[in-house]
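Only one structure is covered here, and it is reproduced in the block below.
The values are calculated or read from the model by the stated rules, or taken from the named source; none is laboratory data. Model, not experiment: these values are computed from the prediction. We place every Cβ from the backbone using ideal geometry, glycine too, and count neighbours over all the protein chains shown. Heads up: the accessible areas ignore ligands, DNA and RNA and are worked out on the full protein's heavy atoms, side chains in. Shrake-Rupley method; radii C 1.70, N 1.55, O 1.52, S 1.80 Å.
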Amino acid sequence: MLTWINPPKTLLLPFTSISSISPKPNKTLKSFHISTQPPMLNTSTDCGLKFREKLLYLQQLKINPTKALQLNPHLRSATLNTIKSVETCLFSMGIERSAIGRILDMHPQLLTSDPYKDLYPIFDFLLNDVVLPFYDIRKSIIRCPRILVCSVEDQLKPTFQFLKEFGFSGQNRITCQTTVLLVSSVELTLNPKIDYMLSLGFKYDEVVNMVLRSPGLLTFSIEKNFRPKVGFFLNEMNGDLRELKKFPQYFSFSLEGKIKPRHRLLVEHGFSMSLSDMLKVSDGEFNARLIEMRLRLVEDKQL
C-alpha cells in the first residue's frame, strides 16, 4: 500500500489502467483532479454578519451605533466578545444593564477597552484607596460615569490626594456622592474656585468649611454660577457675606428659577427671610409662609 507522508493539495491520477482496458481511450479523459482543500468561505459575507451582530448588540443596549462608531473608530474592527466583556465587567460591579447602556452611550470609547487594564484598576482604586463600600461603587459610577475614562495614576490619585489634604478625610471623607470631584483638574478646576472664594474676603478655613458643607461648590462654574449669584446677593439683596458663610448651599439654587422670584415676592410685601428660610422650602411651603406673614401683618395693624 502506498502511503502519503505529505499529501499534495491536489492529487493527479493517471489513467494507465483505463488504457489497458479500453484499446481506444477517450482523449478528453487524460487526467482528473480531486481537491483536498475545503470550499472557500465568502469572507465578506461573514464579516458583514459579524458587523451586523455588533450593531444589533449596541441597539439592544440602547447605544447609538452611528455616534459610537464616529467617536470610537476601533469599534468597527473589535470583536463582539470584546465588547461584551465590558458589559460583563460593569455588571460584576452591580451596575444594571439599562445603566450600562447609558454609560457606554455617553462614553463609547469604553466599548473597546480592556476590563483588566482599564476598568478593574479604577474599581480597585475606589475600593481600596478611597475605601468606598462595594455597594457604593455602582452609585459612584452612575452618578459620574466619567470616572471610567480617567487615568488612575494621572487623574484620580493626584486629585484624591489634594482633596484629602484640603479636608475631605475622616468624617468628611469622599463618598459615592462626592466621587464626582475626583474627575476635576486640581490646577484648572479646583484651585481657581477656591481662589475665587478667597477673593470675596473669606478666610481659607472658612472656605474649607463652606466646601465641606456644600461640596458642590467645587463643581460650579465661576462665570455662570458664582459671579452672577454673588452680584445679585450683594447688589440686589444687600446681603452680608457672613450669611453666605452660614448657608453656602445658596449657590446650588437656580438664580432665575428660585432666588430672584422669591426675593422679588418678599420685597413686594416688605418682608425679609434668611437665605436658608427663603430657599430650602418647597414652593408650596414658601407661599404658605408668605401668606402667614401677611396675615400676621394685618393682625398687627388691627391691634
**Report entry** Residue among E87, E96 that alone is within 30 Å of I141 (Cα to Cα), modelled with pLDDT of 50 or more and touching a helix residue (DSSP H, G or I) at 6+ places or on another chain (Cβ under 7 Å)
**Finding:** E87
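Among the residues of region 210-217, is there at least one that is closer than 30 Å to I291 by Cα, modelled with pLDDT of 95 or more and open to solvent by 20 Å² or more (accessible area, probe 1.4 Å)?
Within region 210-217, none of the residues are closer than 30 Å to I291 by Cα, modelled with pLDDT of 95 or more and open to solvent by 20 Å² or more (accessible area, probe 1.4 Å).
Residues that are in contact with a His (Cβ under 9 Å, 6 or more places away or on another chain), part of a helix (DSSP H, G or I) and among the hydrophobic types (A, V, I, L, M, F, W, C): does region 142-154 have at least one? Spell out how you get there, then give the answer.
From region 142-154, those in contact with a His (Cβ under 9 Å, 6 or more places away or on another chain) are 145-146, 148-149; that's our starting set.
Among the residues that remain, those that are also part of a helix (DSSP H, G or I) are: 145-146, 148-149.
Okay, now just the ones that are also among the hydrophobic types (A, V, I, L, M, F, W, C), so 148-149.
So far as region 142-154 goes, yes, one or more of its residues are in contact with a His (Cβ under 9 Å, 6 or more places away or on another chain), part of a helix (DSSP H, G or I) and among the hydrophobic types (A, V, I, L, M, F, W, C).
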Query - Residues of region 167-193 satisfying the condition of being open to solvent by less than 10 Å² (accessible area, probe 1.4 Å) and of a type outside the set (A, V, I, L, M) - result: F168, T179
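Yes/no per residue for (1) open to solvent by less than 70 Å² (accessible area, probe 1.4 Å); (2) modelled with pLDDT of 95 or more; (3) closer than 30 Å to V208 by Cα; (4) outside any helix (DSSP H, G or I):
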| position | (1), (2), (3), (4) |
| --- | --- |
| K224 | no, yes, yes, no |
| K229 | yes, yes, yes, no |
| Y250 | yes, yes, yes, no |
| G257 | yes, yes, yes, no |
| G284 | yes, no, no, no |
| A288 | yes, no, no, no |
| M293 | yes, no, no, no |
| D300 | no, no, no, no |
Query - Filter result (open to solvent by less than 40 Å² (accessible area, probe 1.4 Å) and within 20 Å of G167 (Cβ to Cβ)) within region 127-139 - result: V130, L132
